[in-house]
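What follows is a set of notes on a single structure, which appears directly below.
The values are calculated or read from the model by the stated rules, or taken from the named source; none is laboratory data. No experiment lies behind these values; they were computed from the predicted model shown. Positions of Cβ are generated from backbone atoms using ideal geometry, with glycine treated the same way; all protein chains shown enter the neighbour counts.
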Amino acid sequence: MEIYKILGVGLIAVILIVYMKSVNSELTLLLTVSAGILLLIMTVSYITDFIGWFGEIGSAAGVDSDLIKIIIKIIAVSYLIEFSVNLIEDFGIKSISDKVVLAGKILILTMAIPIIKNLLEIVSTLL
Amino acid sequence: MNVDIIFRIAAIGILITVICQILKKSDREDIATLVSLAGLVIVLTLVIGMISDLFETIKEIFNFY
């Protein structure tokens, strides 16, 4: 099972990081980052299944495929931002990570404009 | 890419520390600094490769749609 693998990586990484703190403190940071990336790579393949299922549901519900594409794009952007922000925070620089989050929010907002337009069109046809 | 990359980084760290200790004991501080810097660069290369791998995977996953 994958969960045992993930738990094992986490525990081994923690033990090594705590040990390295007393031996070679400058490498603990990189060890932390690499352990985090390892965990993310292990979990990222599960997103594929979810996205396929999401597209199926969207087409079954008769939603415009362009809108589904935009939503999946927004999910991708938010996952990327989450990963990068976690990495940056592992390096211990909070101010940069805050700015990355802000930039991501603005990007997502601009990407969502077609969806909002569509919603407004639907509302105006109802009225 | 698997768990062994964490062990590899830890092994490099311990090795570099031992080398640095020996060099420091034999009064070669400058070489010790260079060795620790080299270790840092090696590990950094490994980590950057991992980061690019992760981003490549994400790109692949989301490019299908």
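Close Cβ contacts (under 7 Å, 6 or more residues apart or on different chains) running from residues in the stretch A:86-97 that are closer than 17 Å to A:Ile37 by Cβ to residues that are of a type in the set (D, E, K, R) comprise A:Ser97/A:Glu89. The requirement of being touching a Gly at 6+ places or on another chain (Cβ under 8 Å) and either of a type in the set (Phe, Trp, Tyr) or not in a helix (DSSP H, G or I) (or both) is fulfilled somewhere in the stretch B:3-11, by at least one residue.
Filtering the stretch A:1-34 to residues that are in a helix (DSSP H, G or I), at the interface with chain B (Cβ under 7 Å from one of its Cβ atoms) and under 17 Å from B:Leu40 (Cβ atoms) leaves A:Leu16, A:Met20, A:Val23, A:Glu26, A:Leu27, A:Leu30, A:Leu31, A:Val33, A:Ser34.
Going through the stretch A:10-31 one residue at a time, which ones are of a type in the set (Val, Ile, Thr) and either at positive phi or surrounded by fewer than 20 Cβ atoms within 10 Å (Cβ to Cβ) (or both)? Working first, answer last.
Of all residues in the stretch A:10-31, those of a type in the set (Val, Ile, Thr) come to A:12, A:14-15, A:17-18, A:23, A:28.
A:Ile12, A:Val14, A:Ile15, A:Ile17, A:Val18, A:Val23, listed by residue number.
The one condition from (1) in contact with a helix residue (DSSP H, G or I) (Cβ under 6 Å, 6 or more places away or on another chain); (2) more than 10 Å from every other protein chain (Cβ to nearest Cβ); (3) not charged (D, E, K, R) that B:Val41 does not meet is (1). Residues in the stretch A:31-74 that are among the aromatic types (Phe, Trp, Tyr) and either assigned by TED's automatic domain parsing to the domain that holds A:Pro114 or within 16 Å of the chain's Cα centre (by Cα) (or both): A:Tyr46, A:Phe50.
When B:Thr17, B:Thr45, B:Thr33 are checked against the criterion of being among the hydroxyl-bearing types (Ser, Thr, Tyr) and within 27 Å of A:Leu40 (Cβ to Cβ), B:Thr45 stands alone in meeting it. Among the residues of the stretch B:6-25, write down those that are under 12 Å from the mean Cα position of the chain (by Cα), surrounded by fewer than 18 Cβ atoms within 10 Å (Cβ to Cβ) and more than 7 Å from chain A (Cβ to nearest Cβ). Matches in the stretch B:6-25: B:Phe7, B:Arg8, B:Ala11, B:Leu15.
State whether the residues of the stretch A:78-90 include one that is over 14 Å from the mean Cα position of the chain (by Cα), buried (at least 17 other Cβ atoms within 10 Å of the Cβ) and within 14 Å of chain B (Cβ to nearest Cβ). Yes, some residue in the stretch A:78-90 is over 14 Å from the mean Cα position of the chain (by Cα), buried (at least 17 other Cβ atoms within 10 Å of the Cβ) and within 14 Å of chain B (Cβ to nearest Cβ). The set of residues from the stretch A:81-124 being within 30 Å of A:Leu27 (Cα to Cα), outside any helix (DSSP H, G or I) and small (Gly, Ala, Ser) comprises just one member, A:Gly92.
Does the stretch B:1-17 contain any residue that is of a type in the set (Lys, Arg) and modelled with pLDDT under 85?
If we filter the stretch B:1-17 for residues that are of a type in the set (Lys, Arg), which is where we start, we get B:8.
Within this subset, residues satisfying the condition of being modelled with pLDDT under 85 are none.
Among the residues of the stretch B:1-17, not one is of a type in the set (Lys, Arg) and modelled with pLDDT under 85, which makes the answer no.
Of all the criteria given as (1) assigned to a loop (DSSP other than H, G, I, E, B); (2) farther than 30 Å from A:Ile51 by Cα, the one not satisfied by B:Ile42 is (1).
Could you say whether any residue in the stretch A:45-66 is over 30 Å from A:Asn118 (Cα atoms) and in a helix (DSSP H, G or I)? Scanning the stretch A:45-66, I find at least one residue that is over 30 Å from A:Asn118 (Cα atoms) and in a helix (DSSP H, G or I), so the answer is yes. Residue check: B:Val41 meets all listed conditions (1) among the aliphatic types (A, V, I, L, M); (2) loosely packed, with under 13 Cβ neighbours inside 10 Å; (3) over 15 Å from A:Leu27 (Cα atoms); (4) within 16 Å of the chain's Cα centre (by Cα) but one, namely (3).
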